[in-house]
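One structure below.
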Amino acid sequence: MSKTIYIAGSINTDLVIRAPYMPQKGETLKGSGFFTAHGGKGANQAVAAARLGGTVRMCGCVGADLFGEQALSSLRREGIDVTHIRTAEGVPSGTAVIVVVDGDNRILLDSGANACLCAQDIDAFLAEAEAGDIFLTQLENPVDVVGYGLKRAKEKGMYVILNPAPADRGIEKYFPYCDLVVPNETEYAILDEDGALSSRFGGDLIVTLGEKGFSCTSAGKTRTVPCRKVDVVDTTAAGDTFCGGLAVLCAEGAELVRAAKFGSAAASLACTRQGAQPSVPVRSSVLEFMKEER
Ligand code: RIB
């Protein structure tokens with residue numbers, strides 16, 4: 001039977017504009033195609049895991065405002081257990097301003113209520129978790145609270161996955177509590193500056209490589225797995241979709257590379273649509289896409 005996926009993380013509203021290039025200092029540049037979308041790395045991963053077939057519980061914080069209310073109802077509609085999403089008073093919900101240039105994005109984030117997540121939230125969230133359940137988290141909440149979550153999850157015997165995004169070297173001391181760390185190339189370069197991640201971390205490592213696929217290092221062996229070319233519209237939440245899909249197959253007991261291939265296929269599909277959560281595919285589309293790949 002599939003294990004439950006516990007995701008502690010951020011919940012944002014994304015304000016997105018397409019631009020021909022990144023504006024320079026003092027420049028007003030005309031963009032186009034403005035839209036808002038539900039986002040936040042934690043929430044995106046929760047939505048991905050739910051749409052891709054997982055049983056998902058999420059812990060996080062929103063503000064007492066319209067963005068927070070809408071984000072919460074949307075997560076509920078996805079079938080995610082939101083019992084441990086707390087509404088914090090006196091702070092705005094997390095907001096990300098995203099500029100998309102040629103399919104790639106630049107993100108400016110105001111953490112807002114995401115900064116209110118605390119150790120007590122984690123304790124309440126993990127109270128019912130069982131050994132073998134999956135714990136997945138990222139770094140858009142306070143780094144030591146995320147680290148506390150990794151430690152508590154490990155103590156409970158959960159399978160602990162860290163997506164260190166955005167990279168913050170303050171998380172390094174918590175690596176020993178992780179079974180699997182999943183950075184992208186930029187995050188990997190920051191976290192591995194002195195070889196800490198590749199030489200001293202004993203767990204498994206998956207580095208996502210954008211249109212080049214991913215590499216997986218397990219038991220001292222590294223394997224690079226390419227992904228299929230797609231017409232990229234917007235890469236926002238591709239990494240989150242990868243992590244959500246990976247977590248689902250890990251919860252089903254799949255071997256690591258197979259789980260990552262599923263996450264990678266889901267991420268490729270997410271790149272073909274715009275927005276964060278609007279771009280996340282459902283399981284049947286991913287399986288169909290993987291069949292075509294063969
Ligand atoms: O990973 C993409 C996400 O990063 C966006 O949805 C945005 O909210 C930021 O958190």
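The values are calculated or read from the model by the stated rules, or taken from the named source; none is laboratory data. Everything numeric in this text was worked out from a predicted model, so none of it was measured. Glycine also receives a Cβ, built like all others from the backbone with ideal geometry; neighbour counts cover every protein chain displayed. SASA here: full protein model, heavy atoms, side chains in, ligands and nucleic acids out. Shrake-Rupley method; radii C 1.70, N 1.55, O 1.52, S 1.80 Å.
Can you spot a residue in the stretch 189-205 that is closer than 27 Å to R152 by Cβ, more than 16 Å from the ligand (Cβ to nearest atom) and under 15 Å from the mean Cα position of the chain (by Cα)? So far as the stretch 189-205 goes, no, none of its residues is closer than 27 Å to R152 by Cβ, more than 16 Å from the ligand (Cβ to nearest atom) and under 15 Å from the mean Cα position of the chain (by Cα).
Could you tell me which residue of the stretch 71-94 is surrounded by the most Cβ atoms within 10 Å (Cβ to Cβ), considering only residues that are among the charged types (D, E, K, R) and assigned to a loop (DSSP other than H, G, I, E, B)? Here the answer is E78.
Scanning the stretch 1-47 for residues that are open to solvent by less than 40 Å² (accessible area, probe 1.4 Å), touching a helix residue (DSSP H, G or I) at 6+ places or on another chain (Cβ under 8 Å) and away from the ligand (no atom under 11 Å from the Cβ) returns T4, I5, Y6, I7, A8, A46. With respect to (1) in a loop (DSSP other than H, G, I, E, B); (2) over 18 Å from the mean Cα position of the chain (by Cα); (3) more than 19 Å from D121 (Cβ to Cβ), the lone exception for G53 is condition (2). Within the stretch 273-294, the set of residues being surrounded by fewer than 24 Cβ atoms within 10 Å (Cβ to Cβ) and within 16 Å of the ligand (Cβ to nearest atom) comprises R273, Q274, G275, P278, P281. Among the residues of the stretch 164-183, is any aliphatic (A, V, I, L, M), within 14 Å of G9 (Cα to Cα) and either touching a Leu at 6+ places or on another chain (Cβ under 7 Å) or at pLDDT below 95 (or both)? Looking through the stretch 164-183, at least one residue is aliphatic (A, V, I, L, M), within 14 Å of G9 (Cα to Cα) and either touching a Leu at 6+ places or on another chain (Cβ under 7 Å) or at pLDDT below 95 (or both). Contact annotation: residue pairs with Cβ atoms under 7 Å, 6 or more positions apart or on different chains, pairing a residue in the stretch 209-227 that is at positive phi with a partner that is open to solvent by less than 100 Å² (accessible area, probe 1.4 Å) and of a type in the set (A, V, I, L, M), are G213/V225.
Among the residues of this structure, E89 does not count as one that is closer than 30 Å to A254 by Cα and charged (D, E, K, R). All of A50, A64 fail the test of being among the small types (G, A, S), away from the ligand (no atom under 12 Å from the Cβ), open to solvent by 50 Å² or more (accessible area, probe 1.4 Å) and touching an Asp or Glu at 6+ places or on another chain (Cβ under 7 Å), apart from A64.
Determine if the stretch 130-139 includes at least one residue that is open to solvent by 60 Å² or more (accessible area, probe 1.4 Å) and either under 22 Å from A259 (Cα atoms) or in a loop (DSSP other than H, G, I, E, B) (or both). Yes: one or more hits. If the condition is being open to solvent by 10 Å² or more (accessible area, probe 1.4 Å), small (G, A, S) and in a helix (DSSP H, G or I), then the stretch 140-175 contributes only G170. Cβ separations smaller than 9 Å between residues 6+ apart or across chains give no pair from the stretch 21-44 residues that are modelled with pLDDT under 95 and assigned to a strand (DSSP E or B) to residues that are more than 16 Å from the ligand (Cβ to nearest atom) and open to solvent by less than 80 Å² (accessible area, probe 1.4 Å).
Any residue at all in the stretch 178-187 that's without any contact (Cβ under 8 Å) to a residue 24 or more places away in the chain and within 16 Å of the ligand (Cβ to nearest atom)? Yes, the stretch 178-187 contains at least one residue that is without any contact (Cβ under 8 Å) to a residue 24 or more places away in the chain and within 16 Å of the ligand (Cβ to nearest atom). One residue alone among A266, A251, A238 is over 13 Å from I206 (Cβ atoms), open to solvent by less than 20 Å² (accessible area, probe 1.4 Å) and touching a strand residue (DSSP E or B) at 6+ places or on another chain (Cβ under 6 Å), and that residue is A251.
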